[in-house]
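Report on one structure; see the data block that follows.
The values are calculated or read from the model by the stated rules, or taken from the named source; none is laboratory data. It should be emphasised that the depicted structure is a prediction, and the values quoted were computed from it without experimental measurement. Cβ coordinates were reconstructed from backbone atoms using ideal geometry, including for glycine residues, and neighbour counts include every protein chain displayed. The accessibility values were calculated without ligands, DNA or RNA, using every heavy atom of the protein model including side chains. Shrake-Rupley method; radii C 1.70, N 1.55, O 1.52, S 1.80 Å.
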Amino acid sequence: MSDQNLFEQMRARVVNGEFAPGQRLKAEQLKADYGVSASTMREMLFRLSTFGLVDFQEQRGFRLPEHSADLLHDLTQFRILLECQGTCLSIRLGDLEWEARLSAAHHKLSHIESRLCVEDLSPEFLALWTGAELEFHQTLIDDCGSDTLKQTHGVIYQRFRQQMIATDKRVDYVPENIKEHQGILDAALNKDEDLTCNRIREHLSRNLIRPLTKKAQVIV
């Protein structure tokens with residue numbers, strides 16, 4: 001297994017709720033899952049810590065971050081800013097091919113979310129769902145013209161998903177999610193930047209513990 005594949009598999013595990021918040025991650029135990037050395041596993045855990053997905057302290061080792069309503073609020077606010085800015089730029093710069101990719105990503109997500117209402121949420125299905133949702137939201141900003149914005153959004157999204165995973169194991173708000181994703185798609189395809197941003201904020205606002213400031217809502 002390549003280092004990149006190992007990193008991606010471990011990232012999926014720490015993001016998708018396989019470990020409990022605050023749980024200690026021991027390289028000596030995890031190495032057996034992949035047939036690698038403890039030093040290689042420690043390197044992967046340290047790499048994850050640089051993205052905020054694992055906490056590292058000298059003498060205490062690696063742990064999964066604790067759940068924090070304040071942190072979730074901050075990540076949500078940052079995600080709203082990035083997605084609104086990135087989507088507006090994609091609306092301005094994107095072409096018919098972007099619109100087709102966005103429609104395809106939404107179709108995939110909508111199909112999966114419709115099945116979530118009637119199927120048990122197994123770890124495999126959870127990974128499929130979160131992957132499809134990430135693909136849709138990434139496609140929204142994909143033609144923004146800024147690799148830095150997209151890379152930053154990717155890091156923030158993974159940390160957001162990690163904080164949200166305990167809530168996402170409940171599917172009670174999935175019907176609302178389906179309507180909200182459809183609304184975001186429709187507004188983006190109609191090239192209505194203000195409406196798209198409003199719907200992105202509405203979609204994510206359930207995770208805020210304080211109102212989004214007026215300044216934070218400005219799109220340059």
### Heavy-atom accessible area order for 124, 8, largest first, 1.4 Å probe
124, 8
#### Entry: Between 0 and 90°, nearest 10: helix 193-204 axis offset from the chain longest Cα axis
40
### Task
Under a 10 Å cutoff between Cα atoms, tell me which one of 59, 162, 85 has the largest fluctuation in the Gaussian network model of the chain.
59
### Summary
Reduced to Cα centres, the span from the range 137-201 to the range 33-74 in Å works out to 25
### Message
How large a share of the accessible area of the chain, in percent, is made up of carbon and sulfur atoms when the probe is 1.4 Å and the other protein chains stay in place?
### Response
51
### Query
How far is it, in nm, from the label point at residue 4 to the one at residue 60 when both lie 7 Å from their Cα along the line to the Cβ?
3.4
### Message
Would you calculate the convex hull of the Cα atoms in the range 93-144 and tell me its volume per residue in Å³?
### Response
51
### Query
On average, how much accessible surface per residue is there in the range 4-98, in Å², for a 1.4 Å probe, leaving out ligands, DNA and RNA?
51
### Task
Check the chain and count each lysine pair with an alpha-carbon distance under 27 angstrom, considering only pairs eight or more places apart or from different chains.
15
### Query
How big is the chain by the Kirkwood estimate over distinct Cα pairs, in Å?
18.4
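Given 10 °C and 1.306 mPa s, how large is the Stokes-Einstein diffusion coefficient of the range 1-122 in µm²/s, with Rh as the Kirkwood radius over Cα pairs?
On the way: Rh = 17.5 Å.
Taking Rh from Cα pairs, D becomes 91 µm²/s.
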#### Entry: Check: the chain dipole with +1 on Lys, Arg Cβ and -1 on Asp, Glu Cβ, in debye
680
### Query
Going by alpha carbons, how many degrees (0 to 90, nearest 10) lie between the helix axis of 174-189 and the longest principal axis of the chain?
50
### Task
Select from 132, 32, 12 the residue whose mean-square fluctuation is largest in a Gaussian network model of the chain (Cα-Cα springs shorter than 10 Å).
32
